[in-house]
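Student: Structure in C-alpha cells, see below.
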C-alpha cells in the first residue's frame, strides 16, 4: 500500500482566543456560580420536560429528555472552563482491575512515521479491565480494546468516567474489555500522535504480554475513540504494515470522523438543538489534537473523505439525531466503495454516543441490542479472519 500520510500542511491551526472562563479567577467564579445554581437548574429541567411539547425531540420520553439536558450541563461546563481530567498510574478504586502497560522499547519500534514526531514520545500507560481482571483460559477468549470518547480532551478509562459502555460490551462478546488510559490532548505535548501511540501500546500488551491471538482481539471506540481506532487501522494497513497483525474486527460507536468541521458547522446542523455535542467542544478538540503545522484534514485526523480499504471489517453504530449522523452515513458508503466490509446500525432518534452514555440518555435497551448485533458481527469476522488478513 502506498503511503497514506501527506506531508504536514503549513495551514495555521485555529487560534481563536480562549474564553476568560479558562483563566483564574474567572474559572473559580464560574464554577461557584454553576454549583450554586445547579439545584435550581435541575429542578427546572425536571419540571420543563413533563410537557411533551417542550421536549427536545417529539419522540423522546421524559427520561430521555431529562437525561440529555442533564448530560448537556456537564459537557457545557467542562468545555467552558477547559476541564482537565486527572490521570494517574495508581489503581485507585479500580484496584486489581487496573493494569499498567509499558511502551514497547525493543527494536524494531512499532511507532514508525507518522507516529514518531520528535516532540511526542511513547510512554507507559494505564488501563482498566471489565468486568474483571484478565485471566488466561483454556478456550480462546475474546478481548476488546475499547477507547473512550471526549473529543480527545475529556474522559477517562475508569469506572466513574466511562464504565457503562465497556460493561455492556462484556455481556455480549463473552470476553474481556480493556479500556486504556490514553493521553488527552488537553495536556501539553499530547496532541496527535500521543493517543495513537498509546493505542498501539495497549494492542501490543494484549498480543505480546498476555499472548492473546489477534484473531481474538477487537478494537472498539466511541466518538474520539472511534477516530482513534481508525487511525490505528490506517497505520497497520499502511506505514505500520508488518509491525503487528490485524485484529479480528473494529467496532465504531458514533465515531468522530471530520476534524475540519468548524464551530459554525456543528452549531448550525439540523440536529444541533437535539444533540448535546457543541461547536465549542469540537473546536477545542481540533485545536488541541492537531499537531502544529498540520492540516486537520490529514487522513490520520479526519477519516471522512480519506476512506481506505480495510481488511478488518467494521461495525458502525450511529443515532439519527446526531450532529455527526450525516458523516457516519457518508463514511460507511465511502469505505464500502473502497472494498471494506461495513455494517451500519442506526438507532432511531438517538443523540451522540448512546454507547457510552445510554444509561444517562435513556437508551439502555437500544444499546444492549446494538452490542448484541456487534457481537454477532465480530463472531462472523472471527470465522473469516484468516481469509481477511491474507487478502
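Laboratory data are not the source of any read-out in this text; all were calculated from the coordinates shown. In this text, all values refer to a predicted model and were calculated from it rather than measured experimentally. Here the Cβ is made from the backbone with ideal geometry for all residues, glycine too, and neighbour counts use every protein chain on show.
Student: With a 10 Å cut-off between alpha carbons and a GNM built on the chain, which of 256, 164, 129 moves the most?
Tutor: Between 256, 164, 129, it is 164 that shows the largest mean-square fluctuation.
Student: Another one. Between residue 44 and residue 384, what length comes free when the chain is fully extended (0.36 nm per residue of separation minus the Cα-Cα distance, one decimal in nm)?
Tutor: Taking 0.36 nm per residue and subtracting the Cα distance, the gain is 117.1 nm.
Student: Contour minus end-to-end for residue 326 and residue 52, with contour as 0.36 nm per residue of separation and end-to-end as the Cα-Cα distance?
Tutor: So the chain would gain 96.0 nm between residue 326 and residue 52.
Student: Same structure, new question: Would you mind getting me the FRET efficiency between residue 70 and residue 133? Use the beta-carbon distance for r and R0 = 45 Å, nearest 0.05.
Tutor: The calculated FRET efficiency here is 0.90.
Student: Next question. Determine the principal axes of the Cα atoms in segment 82-389, then give the extent along each, sorted from largest to smallest and rounded to whole angstroms.
Tutor: 51, 43, 43
Student: Now for a separate question. With label points built 7 Å along Cα→Cβ from the Cα atoms of residue 209 and residue 19, find their separation and express it in nm.
Tutor: For residue 209 paired with residue 19, the spin-label model returns 3.9 nm.
Student: Sorting 103, 147 on the 10 Å Cβ count, fewest up front, what's the list?
Tutor: 103, 147
Student: I've got another one for you. If the label point is 7 Å along Cα→Cβ of residue 84, which residues in segment 176-207 have backbone nitrogen under 16 Å from it?
Tutor: Within reach of a label on residue 84: 183-191.
Student: Calculate how steeply helix 194-204 sits against the longest principal axis of the alpha-carbon atoms of the chain, using the helix alpha-carbon long axis, and give the answer as 0 to 90 degrees to the nearest 10.
Tutor: Value to nearest ten degrees: 50.
Student: Helix-only mean residue ellipticity at 222 nm, the chain, DSSP H runs n ≥ 4 weighted -39,500 (n - 2.57), per residue, nearest 500. What is it?
Tutor: Calculated from helices alone, the mean residue ellipticity at 222 nm is -11500 deg cm²/dmol.
Student: Ok, one more. Kindly identify segment 286-332 as rounded, prolate or oblate by the Cα gyration tensor criterion: order the square roots of the eigenvalues as a ≥ b ≥ c, call it rounded if a/c is under 1.5, otherwise compare a/b with b/c, prolate if a/b is larger, else oblate.
Tutor: It comes out oblate by the Cα gyration axes.
Student: At a 10 angstrom cut-off on C-beta neighbours, averaged per residue, how do the peptides 264-277, 35-48, 222-235, 365-378 rank from highest to lowest?
Tutor: 222-235, 365-378, 264-277, 35-48
Student: Could you grab the relative contact order for segment 82-389? Cα pairs under 8 Å, six or more apart, rounded to a whole percent.
Tutor: Once normalised by length, the contact order is 17 percent.
Student: Also, quick follow-up: Among DSSP bridges having both ends in the chain, what percentage is antiparallel? Round to the nearest 5.
Tutor: So the antiparallel bridges in the chain amount to around 25 percent.
Student: Quick check: residue separation of residue 32 and residue 112 times 0.36 nm, minus the Cα distance between them. What number comes out in nm?
Tutor: 24.2 nm
Student: Still on this structure, I have one more. Using only the Cα atoms of segment 50-116, build the gyration tensor, take square roots of its eigenvalues as a ≥ b ≥ c, and label the shape rounded, prolate or oblate: rounded if a/c is under 1.5, else prolate if a/b is larger than b/c, else oblate.
Tutor: prolate
Student: While we're on this one: Taking the Cα atoms only, what angle lies between the long axis of helix 224-237 and the longest principal axis of the chain, rounded to 10 degrees?
Tutor: 20 degrees
Student: Let me ask something additional. Determine, for each peptide in 59-69, 153-163, the mean count of other beta carbons within 10 angstrom over its residues, then list the peptides with the highest first.
Tutor: The packing order, highest mean first, is 153-163, 59-69.
Student: Now for a separate question. Would you mind computing, in nm to one decimal, how far apart the modelled labels at residue 333 and residue 188 are, each placed 7 Å from Cα along Cα→Cβ?
Tutor: For residue 333 paired with residue 188, the spin-label model returns 4.6 nm.
Student: Related question: May I ask for the angle, rounded to the nearest 10°, between helix 62-80 and the longest principal axis of the chain, with both axes built from Cα atoms and the value confined to 0 to 90°?
Tutor: 80 degrees
Student: Two-decimal Rg/Rh of segment 294-391 from alpha-carbon positions, Kirkwood Rh?
Tutor: The Rg/Rh ratio comes out at 1.01.
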